[in-house]
There are 2 protein chains.
Amino acid sequence: MPVPRHDADATVAAVGEHALIERIRARAGVLPDWVTLGIGDDAAVLEPERGTLDVVTSDSLVERVHFRRDWTLPAAIGHKALAVSLSDLAAMGAAPRASLLSLALPPDVPLAEFDGLLDGFLALAAKTGAPLVGGNITRSPGPLVVDVTAIGSVRRRRLLTRGGGRPGDELFLTGQIGGAAAGLALLEASRDRATFDALDTDCVHRYEWPDPRLRCGQIVARSRAASACMDLSDGLADAAGQLARASQTGVVVDAAAVPIHPGAAAWASRTGGEALPLALAGGEDYELLFAVSPRQRRKFLAAARAYRGLMLTSVGRLRREPGHWLSRMGQLEPLGSGFVHF
Amino acid sequence: MPVPRHDADATVAAVGEHALIERIRARAGVLPDWVTLGIGDDAAVLEPERGTLDVVTSDSLVERVHFRRDWTLPAAIGHKALAVSLSDLAAMGAAPRASLLSLALPPDVPLAEFDGLLDGFLALAAKTGAPLVGGNITRSPGPLVVDVTAIGSVRRRRLLTRGGGRPGDELFLTGQIGGAAAGLALLEASRDRATFDALDTDCVHRYEWPDPRLRCGQIVARSRAASACMDLSDGLADAAGQLARASQTGVVVDAAAVPIHPGAAAWASRTGGEALPLALAGGEDYELLFAVSPRQRRKFLAAARAYRGLMLTSVGRLRREPGHWLSRMGQLEPLGSGFVHF
């Protein structure tokens, strides 16, 4: 079926549901051979991979809660909507296989904005091997809502969960944190991006274009050197607390060890605040937190070294004594609970 | 972790995201053995069924587009949100295995309403073997949005698609149609349900509590007697047209044969209108439309007979000549395109 042409100034309501779906299908590209049926039937059909488990997760971004259409490029919204679900797959050690995109669209969204969102989604889908195979489009009388389901696979013995940690396990964190929270704070303070320096721009980039740690998750999963893993969607304090809770242990995070993004430090010093809360409670960094037993430490670091270009920092430890603590200058204080969505 | 107690008058915002998730987990019930990990990790993990394909679909219900919170019981909203996705699985001949629930909640939704929605969802999930294994909760600054992903499986040779129809295939429809559209029209005309007679009440029930034709889809798929199938989410005209388009055939629907729900006929005669448009263009009946070749007709009817209690009606035929037509009193007129979401 030929794709109807429309002016980019047209709204999604003028184009209509069927033509929007055709437009998505035309752009979805060549599907890998494990996709038996992609967009266009009642449901998508995937060939399972022999000897693996299916891993599935849903996440949504809501306008005025998770993004602002007047601040952010449509492509970044599409990218991030997929990235946050892929980050969940990364935390299980899974490899992506497919994605579903469910859109609730205000009728006045310009077609160009719809296309931009789709471009951002599809570019990340292509790069990560998560082809768009289905979904849904409906009207929204309120905000734009982007709901994404990501489907992946992992070999049973490689599966990483939150609940496998043991007392004595060391906590390792990928990358640097606080940057995304600083990026959001920067955008809230000024939308004139021309005034941002290189560090500011990097923070905003981390906030808008998160890079899910898929390869790192898979490499560590393959090494079987980590006992537990979770991603940092709601900040380090939340992730450390949840991992400890699922593992039925206590946890101590070492304040001095937390790898704070230099842009977060710069933002904090400019505003007379502290950078640590941005790193602990600021969400959306989408780094991975691993628990590693002392016996597996060497193997873990060797595996992680094979994945160049991503720092790993020891930030704390699980322990038998209950409670979630922050160790700062020799004192223990409550760790707090990170970003809460209500 | 103990489930915190809250007053049913509390709002979801007062309860908070983590407590809502715990509340869902506590109610999700015992998971079947193919669910390796349910609610509570970064993603859900399922054991694939040997020799089957994975079938996945997403659908969403948006407040003030698909339902009104002041008209409809929360349990019906939860039920229907899952039912529409399960109907897509039914149309592929698939058996459900799991479901994901993604909620965007206005902060002032009372906890009792949240619980009700969940009850409706979980009752259907339990009845159909689609246990809730994951999802997401976020705040909505606008309407309540319920997005559901359903996951099923089907043996490769049993998979039903829209695209397998051939010229000469007969079209068979389950059940009677137009009832859901009449139910919506009734609610729009009067919300005083005490004034509804038994037929009216049945129409409203069909609109609010659709029953996905899972068993029928699976029995027909097992018989391998149908060449194509699709569900009627957007009405018979839309389904017949889409099935013909995917099968690269034309189609003629026989107006006199369309099994119109008696409640739709009664509503039409009361309002001085015609019942046929309700049946053709009114969506949400969630019946199944099958294409069956003449050689398979007997086998199809024998398989369908094994599934008692659901009528099957021959409503038209695929044909080589292009176009989507309605045959009425010996004349062909354009079939039209059913319910459009914008």
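Could you identify the single residue in A:Ala291, A:Ala302 that is farther than 26 Å from A:Ala185 by Cβ, within 14 Å of another protein chain (Cβ to nearest Cβ) and not polar (S, T, N, Q)?
A:Ala291
Which of the residues that make up region A:39-51 are more than 14 Å from B:Thr52 (Cβ to Cβ) and at pLDDT 95 or above?
A:Ala44
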- Message: open to solvent by 50 Å² or more (accessible area, probe 1.4 Å) and not in a helix (DSSP H, G or I): is that true of B:Arg295 in this structure?
- Response: no
- Just wondering, is there one or more residues in region A:96-103 that are farther than 17 Å from A:Asp211 by Cβ, open to solvent by 10 Å² or more (accessible area, probe 1.4 Å), at the interface with chain B (Cβ under 10 Å from one of its Cβ atoms) and of a type outside the set (A, V, I, L, M)? yes
- Message: Condition check: open to solvent by 40 Å² or more (accessible area, probe 1.4 Å) and at pLDDT 90 or above. Does A:Thr36 satisfy that?
- Response: yes
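Going by the conditions given, is A:Glu287 open to solvent by less than 10 Å² (accessible area, probe 1.4 Å) and under 20 Å from the mean Cα position of the chain (by Cα)?
yes
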- Task: Return a yes/no flag: does region B:266-280 have any residue that is in contact with a helix residue (DSSP H, G or I) (Cβ under 9 Å, 6 or more places away or on another chain), within 30 Å of B:Leu187 (Cα to Cα), assigned to a helix (DSSP H, G or I) and open to solvent by 40 Å² or more (accessible area, probe 1.4 Å).
- Result: yes
- Task: Report, by residue number, each residue of region A:62-92 that is open to solvent by 10 Å² or more (accessible area, probe 1.4 Å) and assigned to a strand (DSSP E or B).
- Result: A:Glu63, A:Phe67
- Could you say which residue among A:Glu22, A:Glu47 is open to solvent by less than 50 Å² (accessible area, probe 1.4 Å) and at negative phi? A:Glu22
- Message: Is it the case, given these coordinates, that A:Asp147 is touching a strand residue (DSSP E or B) at 6+ places or on another chain (Cβ under 9 Å) and either more than 10 Å from chain B (Cβ to nearest Cβ) or closer than 26 Å to A:Gly183 by Cα (or both)?
- Response: yes
- Message: Scan region A:252-260 and tell me whether some residue there is open to solvent by 10 Å² or more (accessible area, probe 1.4 Å), within 19 Å of A:Gly163 (Cα to Cα) and not in a helix (DSSP H, G or I).
- Response: yes
- Has region B:12-32 got at least one residue that is farther than 30 Å from B:Leu187 by Cβ, under 27 Å from the mean Cα position of the chain (by Cα) and either of a type in the set (Ser, Thr, Tyr) or in a strand (DSSP E or B) (or both)? no
- Query: Here is a list of conditions, (1) of a type in the set (Lys, Arg); (2) open to solvent by 80 Å² or more (accessible area, probe 1.4 Å); (3) closer than 18 Å to B:Gly165 by Cβ, and B:Arg319 meets all of them except one; can you say which number that is?
  - Reply: (2)
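The values are calculated or read from the model by the stated rules, or taken from the named source; none is laboratory data. Small disclaimer: the values here were computed from a predicted structure and weren't measured. Glycine gets a Cβ as well: all are built from the backbone with ideal geometry, and neighbour counts include every protein chain shown. Heavy atoms of the whole protein, side chains included, go into the accessibility calculation; ligands, DNA and RNA do not. Shrake-Rupley method; radii C 1.70, N 1.55, O 1.52, S 1.80 Å.
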